[in-house]
Protein chains: 2
Amino acid sequence: MDVREALLEAALKVFAEAGMRGATTRKIAQAADVNEVTLFRHFRSKDELIEAALAGFAQRVETRVLPPTPTDPRSELIAWCGFHHRELHKRSALIRKAMGEHEEHPSHCAQGMRASVRVARELTEYLRRLKQAGLATGDWDEAAATNMLMGALFADALGRDTMPDRYPYSMRAAVQHYVDLLLNAIGAGDVSPASRGRTSR
Amino acid sequence: MDVREALLEAALKVFAEAGMRGATTRKIAQAADVNEVTLFRHFRSKDELIEAALAGFAQRVETRVLPPTPTDPRSELIAWCGFHHRELHKRSALIRKAMGEHEEHPSHCAQGMRASVRVARELTEYLRRLKQAGLATGDWDEAAATNMLMGALFADALGRDTMPDRYPYSMRAAVQHYVDLLLNAIGAGDVSPASRGRTSR
DNA sequence: AGTGTGTGCAAGTAACTACTTGCTTCCATC
DNA sequence: GATGGAAGCAAGTAGTTACTTGCACACACT
């Protein structure tokens with residue numbers, strides 16, 4: 001079953017480069033170093049192959065866990081956001097292409113969205129815990145705060161290569177900026193100032 | 001020159017639905033209610049047509065102005081963000097497709113980005129004015145705060161149709177949430193509380 | 001009345017697409 | 001050593017694509 005894996009991996013790569021229409025069976029077969037006919041022996045159609053490749057990718061997306069009992073929100077969030085920001089950036093080409101397929105192949109797009117929903121839920125629940133533990137105050141909406149932070153990471157990861165003017169700071173600094181802004185926004189900005197001074201801003 | 005305009009408009013519409021590869025000259029000509037040959041009499045190639053259509057669109061994108069001397073940041077930002085949020089949402093299909101073309105047709109993608117950079121600059125300068133006027137405090141980064149708010153609007157506009165679970169609030173409420181969070185983040189949360197109670201949160 | 005200019009229409013070209021068929025070759029297992 | 005499955009290879013099918021050519025028509029100006 002080595003060939004099947006090679007085909008799935010190649011399909012993901014070519015899809016990320018060229019999208020659904022541009023990912024021809026010939027290109028995929030070449031990328032997998034396999035005869036084009038073999039592709040159709042493993043998958044009934046190109047659609048089936050791409051779908052399987054995207055589903056496999058979405059399943060493999062790792063969701064980092066945030067601590068069940070928050071102690072240092074700033075460093076915890078920076079670690080978590082840093083990880084997901086890097087993942088988003090690494091996969092930005094694939095994400096752009098999958099989003100572009102939304103009108104024509106909604107199922108392809110939906111595969112990728114599932115992972116995003118999972119990650120967002122993890123953050124929402126962490127923010128709820130922060131509020132319950134008294135580490136954050138105010139009457140802000142949990143879903144909105146989640147989407148604000150994740151939206152910033154998402155737009156940054158996708159836009160920083162295409163609009164360098166808008167992102168003059170490094171990826172590392174970006175995460176710190178967004179986390180600090182969010183912590184201020186949810187009334188958790190002045191907790192644990194000791195850890196705050198330690199990292200460069 | 002009516003036909004030329006019809007072709008540009010049709011090209012933009014078909015491109016938003018199907019992307020570069022899917023926007024065939026036949027489809028565009030049909031959408032413009034024009035013979036396919038006529039398309040090639042006005043534009044040397046399909047590439048040239050799409051490029052012109054996207055350039056025209058990027059040029060037409062309206063940039064709302066933020067007041068030179070801020071008085072009520074919350075309502076001023078809500079009005080400004082509400083407008084751009086609606087515009088982003090209206091054009092989300094086009095934006096998704098243009099972003100997907102980044103690898104294969106960077107110039108197409110870049111056309112759209114120019115407008116985004118313009119809009120972002122307007123917000124950055126407003127935030128700077130807020131800080132100078134003493135309406136916002138803290139040592140936050142202006143570009144980061146800009147990108148945080150615009151990233152939230154951008155991700156919301158593009159994701160709310162494909163991931164309704166993540167956006168349980170209305171578009172109107174979304175803008176208020178993000179603006180309130182940002183104002184808190186930049187130490188401008190408790191100014192003009194009168195106007196704050198007026199709108200539903 | 002004549003002369004462009006812009007358009008429609010029918011047809012064709014050359015390249016590419018997903019997918020198929022028939023045959024050969026390798027290689028592990030019985 | 002025979003058998004079966006998995007792979008390669010060459011070729012072909014039917015459809016689509018961007019783009020071209022040649023000709024006819026209709027309208028505007030002189």
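The values are calculated or read from the model by the stated rules, or taken from the named source; none is laboratory data. If you're wondering where the values come from, they're calculated on a predicted model, not measured in any experiment. As a convention, Cβ positions derive from the backbone with ideal geometry for all residues, glycine included, and neighbour counts pool all protein chains shown.
Scanning segment B:147-186 for residues being at pLDDT below 95 and farther than 30 Å from A:G112 by Cα gives a total of 0.
Quick grid of which residues meet (1) at pLDDT 95 or above; (2) surrounded by fewer than 15 Cβ atoms within 10 Å (Cβ to Cβ); (3) not aromatic (F, W, Y):
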| position | (1), (2), (3) |
| --- | --- |
| B:K27 | yes, no, yes |
| B:A31 | yes, no, yes |
| B:F43 | yes, no, no |
| B:L49 | yes, no, yes |
| B:P68 | yes, yes, yes |
| B:E76 | yes, no, yes |
| B:W80 | yes, no, no |
| B:E101 | no, no, yes |
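Within segment B:2-20, residues that are at positive phi sit with their Cβ atoms under 7 Å from residues that are part of a helix (DSSP H, G or I), at 6+ positions apart or across chains, in these pairs: B:G19/A:G19; B:G19/A:G100; B:G19/B:K97; B:G19/B:G100.
I'd like the full set of residues that are hydroxyl-bearing (S, T, Y), more than 7 Å from chain A (Cβ to nearest Cβ) and within 17 Å of the chain's Cα centre (by Cα), limited to segment B:162-187. Scanning segment B:162-187 gives no hits. A Cβ distance below 6 Å, combined with a sequence gap of six or more or placement on separate chains, defines the contacts here; from segment A:47-76, residues that are closer than 30 Å to A:V179 by Cα reach residues that are crowded, with 16+ Cβ neighbours inside 10 Å and basic (K, R) in the pairs A:P70/A:R129.
For segment B:145-180, name all the residues that are without any contact (Cβ under 8 Å) to a residue 12 or more places away in the chain and surrounded by fewer than 24 Cβ atoms within 10 Å (Cβ to Cβ). First the steps, then the outcome.
Applying the first criterion (without any contact (Cβ under 8 Å) to a residue 12 or more places away in the chain) to segment B:145-180 yields B:151, B:155, B:159, B:162-170.
Matches in segment B:145-180: B:G159, B:T162, B:M163, B:P164, B:D165, B:R166, B:Y167, B:P168, B:Y169, B:S170.
Across segment A:110-117, a minimum of one residue is classified as under 23 Å from B:E101 (Cα atoms) and in contact with a Leu (Cβ under 8 Å, 6 or more places away or on another chain).
Per this entry, B:D156 is counted among residues that are of a type in the set (D, E), facing another protein chain (nearest Cβ under 10 Å), in contact with a helix residue (DSSP H, G or I) (Cβ under 9 Å, 6 or more places away or on another chain) and outside any loop (DSSP other than H, G, I, E, B).
Yes/no per residue for (1) more than 8 Å from DNA strand C (Cβ to nearest atom); (2) among the hydroxyl-bearing types (S, T, Y):
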residue: A:L7; (1), (2): yes, no
residue: A:E17; (1), (2): yes, no
residue: A:M20; (1), (2): yes, no
residue: A:R26; (1), (2): no, no
residue: A:A29; (1), (2): yes, no
residue: A:T38; (1), (2): yes, yes
residue: A:S45; (1), (2): no, yes
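Of everything listed in (1) of a type outside the set (K, R); (2) modelled with pLDDT of 95 or more; (3) surrounded by fewer than 21 Cβ atoms within 10 Å (Cβ to Cβ), the single unmet condition for B:E62 is (2). With the structure loaded, tell me whether B:A136 is of a type outside the set (V, I, T), farther than 18 Å from A:A144 by Cβ and either touching a helix residue (DSSP H, G or I) at 6+ places or on another chain (Cβ under 7 Å) or within 8 Å of chain A (Cβ to nearest Cβ) (or both) or whether it fails that test. So B:A136 fits the description; yes.
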